[in-house]
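**Student:** Provided herewith is a single structure, encoded as structure tokens, for subsequent inquiry.
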Amino acid sequence: MAKSGSASSSYKKFGIVIFCNTERIISQYNGPKQLSNEDCLLNVSFLWLCLLCLPGWTESLSLYTSDGRSPRLALEKSLSWPSKDMQCQHMLKHLRNGARITVQMPPNIEGHWVSTSCEVRPGPEFITRSYRFYHNHTFQAHQFYYTDNHCTAPAYTLVIRGRLRLRQASWIIRGGTEADYQIHRIQIVCHTMTTAKELNQRLERTCGGAKEPGPWEPNVMYELWSEEGGCDCSRGLNFAMHELQLLRVEKQYLHHNLDHLVEELFLGDIHTEPAQRMYYRPSSYQPALQNAKSHDQSCIACRIISRSDEFHPPILPPRADLTMGLHGQWVSQRCEVRPEVLFLTRHFIFHDNNNTWEGHYYHYSDPVCKHPTFSIYARGRYSRGVHSTRVMGGTEFVFKVNHMRVMPMDLATTSLLNVFNGNECGAQGSWQVGVEQDVTLTNGCVALGIRLPHTEYELFRMEQDAHGRYLLYNGQRPSDGSSPDRPEKRATSYQMPLVQCSASSQRPEINLSHHADRPRKPSNGSWGGGHHSIVLAVALAVLKVLVMELCG
């Protein structure tokens, strides 16, 4: 029996679950089969009539339109600040306008794909990848493992061969494609005597007599598993290829140059707890692989990795760890994906003169960050950095959040905030689209799963890219949806890096003065709670999914 991973859906209900912390909101749904155009129109029309018949609908709609704001206009205003920081503003707007990215659906993954840098997986594990997908649906994957965080000292290489079949567009991760895979064979080559001895002893304990007899030698290929049978020795390495269950291919022309096409392949994320990765279905992505034939020409690692094999592992150029100093302003380089359907862009400001920080989190409903749902502004303090003894090259910080504001940007999120009873998320029933509220006095926002004050134990690292820009990596969010609120939950891997957009942090807060007035509560109170509000919120969300997912 071949090792496999199936993307078959077990989702039988059509529902919505929403949860959020500072950087996370779960919004997952499961649905029926694709409807015909006629059936789709009938369903949507019927649901729309139901909405019009709901008591309080007219008043609810007036909250959305009373001041003439649209989510896009509100976001445009919230991103305006003095001209000296126009670079940060320009970079965020560029992302929100789609950044000239084309997504292939279904994706064409045939070809050779390679890592763009030394990647850090939970554990930590330092790795580069070289994957080949063939026209007959087979694949060969090389995973090169290292003992250092710059991937200059190879330890061992895994060679995985199998078969992959694309299935349907993901119901869980918009823009992603689900796939099934089968593994036919897993082999290993050690690159040093020390690694050979250590792995030989470790696998002896986990698969005993099934391991190839005798002491292992470097530069010799050994079999860990094959479909012919026998014990699976790869389990001793916490190995899994479930990353193949979720895929996404993006194309973009760098610097608007039609001769400079870059293709990127995003595969599913790895669980932050190594022991759980064998049982985890991806709900986000790892760092992108680039097509070896159409990669960024400034990517030195791409060229090195593309020429490597199991007996000649890639050795990346040595580089020194940069001194970790949190200062200046940093923004997302792309629309980011978090586990369980969260799309967002981030903007961090660090004031190193007094160790305070500000964070702006702009959340969206789509994978190219065009349709805003809500934004969060957080503020607090951070500790002095300490070199990590667990993650080579990392620096540990403690972050405290003691101030927060929330702005709903669409009707579904506004409905969610208004159906919660009690003053545990701003003033009850007072939320309006495009109007920001301070939730510090209510100790956060229960509706979004945020409580204040809040402490997180963070991991950071800094690098420079091929263009000399500074990149800032902070810890990967826990896969189980919790937050790193205890030292033992501190991350051992990183999120997508932010890029420095300004070396100065001395600027006024983003101009939100047009949202300063406290929103008024509707006089009849029909929006603030009760069964009509709950039905309305659910109906709006279902209608939104029907239109976007079924009517295309």
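The values are calculated or read from the model by the stated rules, or taken from the named source; none is laboratory data. Given the structure is predicted, the values throughout are model-derived calculations rather than measurements. Reconstructed Cβ throughout: ideal geometry from the backbone, glycine too, with neighbour counts over all protein chains shown. Heavy atoms of the whole protein, side chains included, go into the accessibility calculation; ligands, DNA and RNA do not. Shrake-Rupley method; radii C 1.70, N 1.55, O 1.52, S 1.80 Å.
**Student:** Which is of a type outside the set (F, W, Y) and without any contact (Cβ under 8 Å) to a residue 60 or more places away in the chain, of A155, A179, A169, A141? If you could, list the steps in order and put the result at the bottom.
**Tutor:** On the way: A179 fails: without any contact (Cβ under 8 Å) to a residue 60 or more places away in the chain; A169 fails: without any contact (Cβ under 8 Å) to a residue 60 or more places away in the chain; A141 fails: without any contact (Cβ under 8 Å) to a residue 60 or more places away in the chain.
Step by step, each of A155, A179, A169, A141 is checked, and only A155 is of a type outside the set (F, W, Y) and without any contact (Cβ under 8 Å) to a residue 60 or more places away in the chain.
**Student:** Quick one: what pairs do we get from segment 374-391, first residue acidic (D, E), second open to solvent by less than 10 Å² (accessible area, probe 1.4 Å) and outside any loop (DSSP other than H, G, I, E, B), C-beta under 7 Å, 6+ apart or different chains?
**Tutor:** Close Cβ pairs (under 7 Å, with a partner that is open to solvent by less than 10 Å² (accessible area, probe 1.4 Å) and outside any loop (DSSP other than H, G, I, E, B)) do not exist here.
**Student:** Please go through (1) among the β-branched types (V, I, T); (2) open to solvent by 30 Å² or more (accessible area, probe 1.4 Å); (3) over 30 Å from A491 (Cα atoms) for V435 and return the number of the only condition it doesn't satisfy.
**Tutor:** For V435, the exception is condition (2).
**Student:** While we're here: Based on this model, can you work out whether G426 counts as assigned to a loop (DSSP other than H, G, I, E, B), crowded, with 23+ Cβ neighbours inside 10 Å and not acidic (D, E)? Walk me through how you get there before you give the answer.
**Tutor:** On the way: assigned to a loop (DSSP other than H, G, I, E, B): yes; crowded, with 23+ Cβ neighbours inside 10 Å: yes; not acidic (D, E): yes.
So G426 passes the test.
**Student:** Quick check on my filter: what residues within segment 150-180 are part of a loop (DSSP other than H, G, I, E, B) and either open to solvent by 20 Å² or more (accessible area, probe 1.4 Å) or touching a Pro at 6+ places or on another chain (Cβ under 6 Å) (or both)? Outline the logic, then answer.
**Tutor:** The initial filter retains those residues of segment 150-180 that are part of a loop (DSSP other than H, G, I, E, B), namely 150-153, 170-176.
Once the filter is applied, which keeps residues that are part of a loop (DSSP other than H, G, I, E, B) and either open to solvent by 20 Å² or more (accessible area, probe 1.4 Å) or touching a Pro at 6+ places or on another chain (Cβ under 6 Å) (or both), segment 150-180 yields H150, T152, A153, W171, R174, G175.
**Student:** Which numbered condition trips up L261, out of (1) farther than 23 Å from A196 by Cβ; (2) open to solvent by less than 60 Å² (accessible area, probe 1.4 Å); (3) in contact (Cβ under 8 Å) with a residue 40 or more places away in the chain?
**Tutor:** All conditions are met except number (3).
**Student:** Which condition does I305 not pass, out of (1) open to solvent by 40 Å² or more (accessible area, probe 1.4 Å); (2) closer than 30 Å to N219 by Cα, if it passes all the others?
**Tutor:** (1)
**Student:** Separate question: If you check T356 against the conditions, is it closer than 20 Å to C501 by Cβ, of a type outside the set (A, V, I, L, M, F, W, C) and at pLDDT 95 or above? Break it down stepwise before answering.
**Tutor:** Details: closer than 20 Å to C501 by Cβ: yes; of a type outside the set (A, V, I, L, M, F, W, C): yes; at pLDDT 95 or above: yes.
So T356 passes the test.
**Student:** Still on this structure, I have one more. Looking at P318, P282, which is the one that is assigned to a loop (DSSP other than H, G, I, E, B), over 17 Å from R132 (Cα atoms) and out of contact with any helix residue (DSSP H, G or I) (no Cβ under 6 Å at 6 or more places or on another chain)?
**Tutor:** Only one candidate qualifies: P318.
**Student:** Determine, yes or no, whether N443 is out of contact with any Phe, Trp or Tyr (no Cβ under 8 Å at 6 or more places or on another chain), at pLDDT below 90 and open to solvent by 10 Å² or more (accessible area, probe 1.4 Å).
**Tutor:** Judged against the criteria, N443 is not a match.
**Student:** Can you name every residue in segment 344-375 that is surrounded by fewer than 19 Cβ atoms within 10 Å (Cβ to Cβ), outside any strand (DSSP E or B) and touching a strand residue (DSSP E or B) at 6+ places or on another chain (Cβ under 9 Å)?
**Tutor:** Selection gives D352, N354, N355, D366, K370, H371.
**Student:** Moving on. Of I183, I127, which residue is modelled with pLDDT of 95 or more and under 24 Å from the mean Cα position of the chain (by Cα)? Walk me through it before giving the result.
**Tutor:** Details: I183 fails: under 24 Å from the mean Cα position of the chain (by Cα).
I127 is the lone residue from the list that is modelled with pLDDT of 95 or more and under 24 Å from the mean Cα position of the chain (by Cα).
**Student:** Report yes if some residue within segment 83-106 is open to solvent by 40 Å² or more (accessible area, probe 1.4 Å), in a loop (DSSP other than H, G, I, E, B) and at pLDDT 95 or above; otherwise report no.
**Tutor:** So far as segment 83-106 goes, no, none of its residues is open to solvent by 40 Å² or more (accessible area, probe 1.4 Å), in a loop (DSSP other than H, G, I, E, B) and at pLDDT 95 or above.
**Student:** Right, something else. Quick check on segment 446-457: of everything there that is closer than 21 Å to E396 by Cα and open to solvent by 20 Å² or more (accessible area, probe 1.4 Å), which residue is farthest from the chain's Cα centre (by Cα)? Can you show your working first?
**Tutor:** The first filter runs over segment 446-457 and keeps only residues closer than 21 Å to E396 by Cα, leaving 453-457.
From the residues that got through so far, the ones that are open to solvent by 20 Å² or more (accessible area, probe 1.4 Å) too are 453-455, 457.
Values: P453: 25, H454: 22, T455: 21, Y457: 19 Å.
Step by step, filter segment 446-457, then rank; the result is P453.
**Student:** In addition: Would you check if there is a residue in segment 458-481 being part of a helix (DSSP H, G or I) and buried (at least 21 other Cβ atoms within 10 Å of the Cβ)?
**Tutor:** Taking segment 458-481 and keeping what is part of a helix (DSSP H, G or I), we get none.
No, that holds for no residue.
**Student:** From the list Q464, Q506, which one is modelled with pLDDT under 85 and more than 30 Å from D410 (Cβ to Cβ)?
**Tutor:** Values: Q464 fails: modelled with pLDDT under 85.
Exactly one residue qualifies, and that residue is Q506.
**Student:** Where the second residue is part of a helix (DSSP H, G or I) and the first is among the aliphatic types (A, V, I, L, M) and lies in segment 231-242, which pairs have Cβ atoms under 7 Å and are six or more apart or on separate chains?
**Tutor:** A240/R277; A240/M278
**Student:** Quick one: in segment 387-403, of everything that is outside any strand (DSSP E or B) and hydroxyl-bearing (S, T, Y), which residue is least open to solvent (accessible area, probe 1.4 Å)? Lay out the reasoning, then the answer.
**Tutor:** The first filter runs over segment 387-403 and keeps only residues outside any strand (DSSP E or B), leaving 388-394.
Retained after the next criterion (residues that are hydroxyl-bearing (S, T, Y)): 388-389.
Details: S388: 20, T389: 143 Å².
This residue is S388.
**Student:** What pairs come out if I take residues in segment 291-306 that are under 13 Å from A466 (Cα atoms) and of a type in the set (D, E, K, R) and pair them with residues that are outside any helix (DSSP H, G or I) and open to solvent by 40 Å² or more (accessible area, probe 1.4 Å) whose C-beta lies under 9 Å away, six or more apart or interchain?
**Tutor:** Close Cβ pairs (under 9 Å, with a partner that is outside any helix (DSSP H, G or I) and open to solvent by 40 Å² or more (accessible area, probe 1.4 Å)) amount to D296/T116; D296/A466.
**Student:** Answer yes if at least one residue in segment 133-149 is surrounded by 16 or more Cβ atoms within 10 Å (Cβ to Cβ), among the β-branched types (V, I, T) and at negative phi, and no otherwise.
**Tutor:** Looking for residues that are surrounded by 16 or more Cβ atoms within 10 Å (Cβ to Cβ), among the β-branched types (V, I, T) and at negative phi, one finds at least one in segment 133-149, hence yes.
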